[in-house]
Amino acid sequence: MTDLKLEAAKAALQYIKPGQTIGLGAGSTIAHLVNLIATETKLAGTLTFTSSSFKTTGLLVQKGLNVKAPALLKYIDIYFDGCDQFDPELNALKSGGGIHTTEKILASMAAEFILLGDAAKFAPQLDTTYPMVIEVLPAALQIVLHQLTTNFPGATLKQRISTQKDGAVISDNGNMLIDVYFDKLLPLNELNISIGMIPGIVEHSLFYKVAAKAIIAGEDGISVITP
Ligand code: 5RP
């Protein structure tokens, strides 16, 4: 069976030009892209990379590629990332990894944010299959949970708890993570604003009108869509 994530990564490689600064997110599709870039030794040596993910950063370093911390950069040529689900407007729900805050920062630094996905991730409209992940300042945990319960009575809220330590999962930024399973989604523009306005929420994982392009790999080949 064709590895569609690998096919999406192969198509993404074609967009990278010598000398560019490339931002990378997380996940298996992005790992394929790093592996492919590393085999293109002539091109790879001209590129600068940054990533929202410790795991991806580790892979880039392991491959001997030139990596810079996001804090040292203010511009990225292309930011590539996967997602859980995206729609024809390229709105996306992301972040099983709980790293969406840095992912959004890198996407905002990029001239172009290109989503990579297999066809199974493409939905006519975003639905409630995946949670919206919310990064919350520790001091605001209880009030944010209260606000979410009040504003979205049908939603199920799950704070991420470490199974090993039996304590809270702490994000890369030292904050708490809450998975919000909505019973129904508000119009995305309303959801984007209403969640973002709750004090103490650092960022949520709905990428509303952020991506400029999506590379989708299906059994019938690659398609590239723009909103
Ligand atoms: C991480 C993400 C990933 O991009 C998303 O989970 C996709 O992963 P994969 O390429 O393994 O399907 O949003 O925060």
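The values are calculated or read from the model by the stated rules, or taken from the named source; none is laboratory data. Model, not experiment: these values are computed from the prediction. FYI the Cβ positions are ideal-geometry reconstructions off the backbone, even for glycines, and counts take in every protein chain you see.
Laid out as a table, the results:
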| read-out | value |
| --- | --- |
| Test: residue 29 is away from the ligand (no atom under 15 Å from the Cβ) and either touching a Lys or Arg at 6+ places or on another chain (Cβ under 6 Å) or of a type in the set (Val, Ile, Thr) (or both) | no |
| Any hit, the stretch 77-100, residues being surrounded by fewer than 22 Cβ atoms within 10 Å (Cβ to Cβ), of a type in the set (Ser, Thr, Tyr) and touching a residue at least 24 places away in the same chain (Cβ under 8 Å) | no |
| Any hit, the stretch 196-205, residues being at pLDDT 95 or above, part of a strand (DSSP E or B) and of a type in the set (Gly, Ala, Ser) | no |
| Hits in the stretch 79-97 (condition: more than 7 Å from the ligand (Cβ to nearest atom) and either within 27 Å of residue 47 (Cα to Cα) or in contact with a strand residue (DSSP E or B) (Cβ under 6 Å, 6 or more places away or on another chain) (or both)) | 79, 80, 85, 86, 90, 92, 93 |
| Hey, residue 140 part of a helix (DSSP H, G or I), touching a residue at least 40 places away in the same chain (Cβ under 8 Å) and over 12 Å from the mean Cα position of the chain (by Cα) or not | yes |
| Which listed residue, of 31, 8, 26, is of a type in the set (Gly, Ala, Ser), assigned to a helix (DSSP H, G or I) and either touching a Pro at 6+ places or on another chain (Cβ under 9 Å) or within 18 Å of residue 65 (Cβ to Cβ) (or both) | 31 |
